Amino acid sequence: MKYWTVISAGLQRKIWRTGLTIASLTVAFMLFGMLRSVAVAFTGDVDFSGDDRLIVMSKLSFTDPLPLSYRERIRSIEGVEHIAHREWFGGTYIDRSNFFPKWPVPAEDWFEVYPQFNLTEQEKRDFINTRTGIVVGKSLAEKYNWKVGQKIPIIGDIWVKEDLSNLWVFDLVGIFTESEDSGAYGGEDQAFINHSYFEEARAYGKGTVGNYVVKVKNKEDNERIAKEIDKMFVNSINETKTSTEAAFSKMFAEQVGDIGFIMNSILAATFFTMLLVTGNTMSQAVRERTSEFAVFKTIGYSDKIILSLVLCESVVICTTGMLLGILLSYIVFFGLSSDLSAFVGDITFQYSVILWALVASILMAIITGLPPAIGAMRLKVVDALRKD
């Protein structure tokens with residue numbers, strides 16, 4: 001491009017200012033890549049064909065329990081391969097900062113529904129046969145230096161025992177690993193408690209569960225099975241709402257608010273600020289080079305070329321920041337994906353974000369570069385030289 005020398009010289013005239021502007025845009029687009037991926041995941045439609053597990057919860061709220069008697073009725077539906085249930089236990093291990101999910105689950109069925117959680121056959125038998133048994137993920141065991149055979153004390157904050165004490169002591173009978181790229185909810189940073197002991201010992205809520213996890217034989221039947229389950233309990237005291245595991249994970253995270261709206265609001269505020277920063281940079285760059293543009297016009301540069309040169313500088317700044325930001329967001333998102341999956345399931349970097357980022361950078365370049373470019377285009381040589 002024959003005008004690149006002129007554009008490059010303009011960008012390098014105040015190298016620190018240009019560099020800091022690009023750095024600011026890089027941070028903005030890094031946030032864009034990460035937050036927009038999360039927002040897309042939370043605002044997208046439910047894809048029933050994507051999971052081989054369905055979550056059955058109360059239609060009113062995921063905090064409302066369901067009767068344990070629903071288990072066999074759901075199991076009888078054609079296409080259901082396995083069914084298990086779970087309950088949020090809460091509780092504290094030594095200190096409140098030691099947070100990790102704890103779930104009372106049926107020891108016989110849980111690892112059939114989640115075959116990607118790997119236990120030895122002996123550990124599975126011990127979990128089934130040990131009344132106070134608990135199994136934990138490998139990363140959790142390594143974090144607290146737990147060994148099989150150790151007793152794990154948990155102070156209950158939701159559930160108390162029949163004697164009204166809140167100290168629960170469990171026997172660690174197994175440490176499970178997760179198959180690579182399994183996409184299982186929670187990963188190795190959680191613990192599973194033998195539901196039989198929990199059901200027997202808790203002071204209230206007996207005969208109920210938090211939600212059911214249904215493993216289907218064929219993912220293509222997900223939508224049909226979900227509708228059959230909800231139809232089975234329609235107009236009952238405990239109506240159900242059945243969704244995919246991914247949809248449930250996102251809904252669980254949204255208890256803090258509308259995640260998609262929060263992400264988009266942060267992005268809107270960030271980009272409004274960046275419009276001001278980039279616009280100020282381009283305005284200063286043009287004002288400082290008034291005499292240069294006058295000389296360009298004197299030697300034959302047309303008004304359209306002057307307009308194009310200023311716009312090109314703006315485009316180079318914005319697109320460079322965009323490319324660096326999206327690259328960094330991909331790297332950071334990849335590193336955080338395992339931590340995110342522990343709370344909201346499998347969220348991946350959305351490649352459609354790259355296209356949106358490109359469009360955003362071009363629009364930003366036009367919005368911030370067009371006013372000073374028009375000013376440079378309309379500049380009169382005599383007035384410019386007089387100011388200089």
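Taken together, the values in this text are just the output of simple stated rules run on the coordinates, not laboratory data. Owing to the predicted nature of the structure, the values given are computational and were not obtained by experimental measurement. Note that we place each Cβ from the backbone using ideal geometry, even for glycine, and neighbour counts take in every protein chain shown.
Tabulated data for the structure shown
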read-out	value
For the range 48-256, the spread of Cα positions along each principal axis, largest first, Å	44, 39, 35
Footprinting exposure proxy for GLU313, GLU239 (fewest neighbouring C-beta atoms within 10 Å first)	GLU239, GLU313
Principal axis dimensions, the range 72-126 - Cα atoms, whole angstrom, descending	45, 27, 18
Greater than 29 Å apart at Cα, pairs in LYS102/LYS147; LYS138/LYS215; LYS143/LYS241	LYS143/LYS241
Whichever lysines have a C-alpha closer than 25 Å to that of LYS304, once near sequence neighbours (fewer than 8 apart) are set aside	LYS2, LYS14, LYS380, LYS387
Within the range 97-227, percent of DSSP bridges classed antiparallel, to nearest 5	55
Ranked packing of 113-126, 314-327, 294-307, most packed first, by mean Cβ within 10 Å	314-327, 113-126, 294-307
Cα-centred dipole magnitude for the range 48-256, charges only on beta-carbon of K, R (+1) and D, E (-1), debye, nearest 20	400
